[in-house]
Amino acid sequence: MTKTAAPMTSGSIWKQMTFFAMPIFLGNLFQQLYNTVDSLIVGNFLGSSALAAVSSSGSLIFMLIGFLSGISAGAGVIVARFFGAGDEKNLQRAVFLRSRVSSPKMKFWQPASSGWIRPKV
């Protein structure tokens, strides 16, 4: 059984926008819940100085996530442009280049962020 996806340019605009925005909303909600639970656990078990460290790094993490989300959204605009134009050759190039740019970023940020987080117990 194959199901073809309807383009976002047809149908009810509100329904399409809601389905498009829901994963972004849920991602932000879970990120906020993670920060809240992290603060509760650290505050209860590790003390006020550890809670201050977690709280002060929250803004940096939020900025980093926002920056990378913005880069991904910008690359998505280019991919969507070629998809909408039906330009298969440039669409494949854009998706390939997007993955080539994203992969090294993640290979850098994961070890770098792990190196920054050294608990002093």
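With respect to (1) outside any helix (DSSP H, G or I); (2) in contact (Cβ under 8 Å) with a residue 24 or more places away in the chain, the lone exception for MET8 is condition (2).
When we screen GLY27, GLY58 for residues that are assigned to a helix (DSSP H, G or I), surrounded by 11 or more Cβ atoms within 10 Å (Cβ to Cβ) and modelled with pLDDT of 85 or more, the only hit is GLY27.
Checking each residue in segment 31-79 for being under 16 Å from ARG98 (Cβ atoms) and hydroxyl-bearing (Ser, Thr, Tyr) picks out SER69, SER72. Number of residues in segment 73-96 that are surrounded by fewer than 14 Cβ atoms within 10 Å (Cβ to Cβ), modelled with pLDDT under 85 and over 15 Å from the mean Cα position of the chain (by Cα) equals 1.
The values are calculated or read from the model by the stated rules, or taken from the named source; none is laboratory data. Since the model is a prediction, treat every value here as computed from it, not as a measurement. Using ideal geometry, Cβ is built from the backbone for each residue, glycine included, and neighbour counts are taken over all protein chains shown.
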